[in-house]
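Throughout, read-outs are computed from the coordinates displayed, never taken from laboratory work. From a predicted model like this one, the values you see are computed outputs, not experimental measurements. Positions of Cβ are backbone-derived with ideal geometry, glycine not excepted, and every protein chain shown enters the neighbour counts.
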């Protein structure tokens, strides 16, 4: 009887645990990303933006073009430049016509600026940096 009681207690203990076969444990909570604005630019003519720091954290450029002066003639390019030397590092955006999207900005940590070229179209863009935040 003592053995049967010990077996019953052991089985009850296993049954009460949360990791029984067939029962998945709750997945870990993923960190959400909070986006903070670094800068916003808009207009119809090209420009060089103020300098900003590119960090190892996620960065994105949300952009939109509209109001073409002639259908299919609009074009916007955005080139990332070193704020120290002025040299171009990479083309972030080269868009034709009326459209919108979000593109990632990834570069080694350094101070940079954008050179925006616009032809026959109005543009709007916002650079944002992502920060991990608790999803709870």
- Note on the structure: Whole-number value, in Å³ per residue, for the convex hull of the alpha carbons of segment 34-136 is 89 Å³
- Equivalent ellipsoid semi-axes - Cα gyration tensor, segment 65-125, angstrom: 25, 11, 8
- Note on the structure: Listing 128, 119, 50, 108 by rising number of other beta-carbon atoms within 10 angstrom, fewest first, gives 108, 50, 119, 128
- Query: If contacts are Cα pairs under 8 angstrom and at least 6 residues apart, what is the relative contact order of segment 31-133 in percent?
  - Reply: 50 percent
- Item | Exposure proxy ranking, count of Cβ atoms within 10 Å, fewest first, for 62, 87 | 87, 62
- State the Cα centre-to-centre distance between segment 68-136 and segment 42-66 in whole Å. 5 Å
